[in-house]
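Remarks on the structure that follows.
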Amino acid sequence: MSTSVLSRYRTAFAEALAQALGVPASEIEPQIKPADPAHGDLSFVTFPLAKAQKKAPPAIASSLASAVKVPGLEVAATGPYVNARFATQPFSSEVIDTARKEGPAYGHGDDGKGKTVVLDYSSPNIAKPIAFHHIRSTVIGHCLANLYRALGWKVEGINYLGDWGKQFGLVAVGFQEYGDPARKEEVGHLIEVYVKANKRAEAEPAFDERAREFFRRMEANDAEALSLWQQFRETSIRDFERIYSRLGIRFEHIEGESRYQGKMEPVIEEISQKVGVKESKGALVVDLPYAEGEPPVMLKKNDGSTLYATRDLAAATDRYERFQFDKALYVVAKDQQLHFKQFFLVLQKMGKPWADRLVHTYFGRVQGMSTRRGEVVLLDDVLDQAKELARKKVQENIEKGRIQTDNPEELSEQIGLGSIVFGDLRHNRTSDYAFDWEEVVSFEGHTGPYVQYAHARTCNVIRKGGGAPASFDGALLTLPEEQALLRVLARLPVVVREAAEQYEPSLVARLMLDLAAAYNRYFTAGNQERDKRILVEGNDALRAARLALTDATRVTLASGLTLLGIPTPENM
Ligand code: ARG
């Protein structure tokens, strides 16, 4: 796939400067910065050169400016800077043609060809309420999977279910007390049972001991205990699947902690040989120089049962053997930082050459996402509630004649999903944020529906204009709003790469907001009545150029929203 228009100009500018200076281009390229928009697009500052050559910066800048000639760049000196501006042509046509030619794959590339990334995301616990952090993990992980796949990486997405541990004991013994056998296949019911059993276990040690005993039977391969566990597990997976399909998520692998059941002895053995283990209060822990007050990495409890860390150590090794990954990302809440830091360190001490390829791509907390059902959050409820709020907005807008749709039901679902997913992804991954229902479903502001609406608007303009033209003259796109819009469009390929490198979906989300805003300014500015500005009457050439720009905007919004995991309705 072609390199982006922006990076092509950047490289050409750097090469021309390098040639004029007689130095390698690789030395200049990192020094090219965005220009002050009043003076151009790219900028090179001459202070360091002036110092070395003992000359005045403006003199160097002006002699460089006259030496540098790049087709499509207008180069000029401003004080100590050599600035370059993209000429209206061919820049306008290049940006539009690239977007339209690449279509849904605009912004993609093959940078990651031959490389593999393992992405551990979503990873809820079975028969336990799904928490906010699983929602974040699911939407962030989905977007990262899309970004890496778009850049040509082989993505091994793993839904690493919490399907092993004492909580099954709680559900099992809880079921004997509170369960309704007729509702055994209902996840909501299992969760109710879990919540009750968990409360009781906290207050009543004997009950807690029964749960532990059940889990011990599971670890000891007791057929009866395992068959009950298997049923609960299947019920939960069926339920999760429904949600994932609503979100358009497909995992390459759905497996869980139970995969490592009975396979942990060799790992413990290897750790004891290469790193060392010791006993602490009857438990087996890794012998590391722990900081004051730092809890040790436990491999086995005093009753011999294994732990989360033991299983993660086994899982990382197993994943490397299966996939020989170049990167392995764990999309897991910030609260688990210590866990990841510690188990990554153990792998390093074990001498695993791939240990430094593991990254805990953690995220902050969300406050306020609870639904009317109350304390127990089901992702399904969150999506349903968003859909309901979206339905109200859709209804209102239909009545006001602002939107047309022949399928308000489907549209409400799409907008609901857009609200939740965008409402999360627009925040920096690592920061905490407060979730606000009214805000996320609004059609205005920094929201998913706002961006979805801009996309539908481009579709609508194109429909009204009788389709997008095959050819057009980019030189006609001289309005400041057009030139500003083109510069936002051109950024998608750059931003997709930055977002993947920094594991930061918010960069794509923010570009989408900029893009929607730039298009809306274009659409509504001027005195013409709304879309008349684009569907110019009596000037076919201008109308064709503006429709082509609208089409490139449509493509870019669709590509970006799809990467975020958000549906792109054409009518709303
Ligand atoms: N199931 C865990 C939880 O809910 C998250 C698992 C994350 N992945 C991992 N490899 N530890 O907290």
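The values are calculated or read from the model by the stated rules, or taken from the named source; none is laboratory data. Just so it is clear, the structure is predicted and the values come from calculations on it, not from any experiment. Virtual Cβ from ideal backbone geometry, glycine too; neighbours counted across all protein chains shown.
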Task: Test result for residue 434, modelled with pLDDT under 95, touching a strand residue (DSSP E or B) at 6+ places or on another chain (Cβ under 9 Å), over 23 Å from residue 249 (Cα atoms) and of a type in the set (Gly, Ala, Ser) - done: yes
Restricting region 127-150 to residues that are more than 10 Å from the ligand (Cβ to nearest atom) and assigned to a loop (DSSP other than H, G, I, E, B), the one farthest from residue 331 (Cα to Cα) turns out to be 127
Residues of region 538-572 being within 22 Å of residue 397 (Cα to Cα) and not in a helix (DSSP H, G or I), in sequence order, are 566, 567, 568, 569, 570, 571, 572
Residue 150: of a type in the set (Gly, Ala, Ser) and more than 24 Å from residue 417 (Cα to Cα), yes or no?
no
Of the residues in region 105-126 that are crowded, with 24+ Cβ neighbours inside 10 Å and among the hydrophobic types (A, V, I, L, M, F, W, C), the one that is farthest from the ligand (Cβ to nearest atom) is 117
ask   = Could we say that residue 546 is among the charged types (D, E, K, R) and closer than 18 Å to residue 453 by Cβ here?
value = no
So, first residue part of a helix (DSSP H, G or I) in region 212-234, second residue among the charged types (D, E, K, R) and surrounded by 14 or more Cβ atoms within 10 Å (Cβ to Cβ), Cβ within less than 7 Å, six or more apart or across chains; the pairs are 212/166; 215/166; 225/217; 231/184; 233/163
With the first residue restricted to region 299-312 and required to be touching a residue at least 40 places away in the same chain (Cβ under 8 Å) and in the same structural domain as residue 283 (by TED's automatic domain parsing), and the second required to be within 11 Å of the ligand (Cβ to nearest atom) and acidic (Asp, Glu), Cβ contacts under 7 Å at 6 or more apart or on different chains are 311/257
| task | Please work out if residue 104 is part of a loop (DSSP other than H, G, I, E, B) and not assigned by TED's automatic domain parsing to the domain that holds residue 510. | result | no
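Can you pull out the residues in region 316-338 that are charged (D, E, K, R), surrounded by fewer than 15 Cβ atoms within 10 Å (Cβ to Cβ) and away from the ligand (no atom under 13 Å from the Cβ)? Lay out the reasoning, then the answer.
Filtering region 316-338 down to residues charged (D, E, K, R) leaves 318-319, 321-322, 326-327, 334-335.
Of the ones still in play, those that are also surrounded by fewer than 15 Cβ atoms within 10 Å (Cβ to Cβ) are 321-322, 335.
Scanning region 316-338 gives 321, 322.
Select, from 288, 347, 313, the only residue that is away from the ligand (no atom under 12 Å from the Cβ) and in a helix (DSSP H, G or I). Even if it seems obvious, please write down each step before you answer.
Working: 288 fails: in a helix (DSSP H, G or I); 313 fails: away from the ligand (no atom under 12 Å from the Cβ).
That would be 347, the only listed residue that is away from the ligand (no atom under 12 Å from the Cβ) and in a helix (DSSP H, G or I).
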Screening 91, 132 for residues that are touching a residue at least 40 places away in the same chain (Cβ under 8 Å), surrounded by fewer than 21 Cβ atoms within 10 Å (Cβ to Cβ), on the phi < 0 side of the Ramachandran plot and not assigned by TED's automatic domain parsing to the domain that holds residue 507 leaves only 132
How many residues of region 438-492 are farther than 19 Å from residue 5 by Cα and touching a Gly at 6+ places or on another chain (Cβ under 8 Å)? The answer is 8
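Sort out which residues of region 151-169 are assigned to a helix (DSSP H, G or I) and either within 11 Å of the ligand (Cβ to nearest atom) or surrounded by 24 or more Cβ atoms within 10 Å (Cβ to Cβ) (or both), and write them in order of number.
Our first condition is that a residue be assigned to a helix (DSSP H, G or I); within region 151-169, this holds for 166-169.
Listed by number, the residues that qualify are 167, 168, 169.
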Any chance residue 275 is without any contact (Cβ under 8 Å) to a residue 40 or more places away in the chain, away from the ligand (no atom under 16 Å from the Cβ) and among the hydrophobic types (A, V, I, L, M, F, W, C) = no
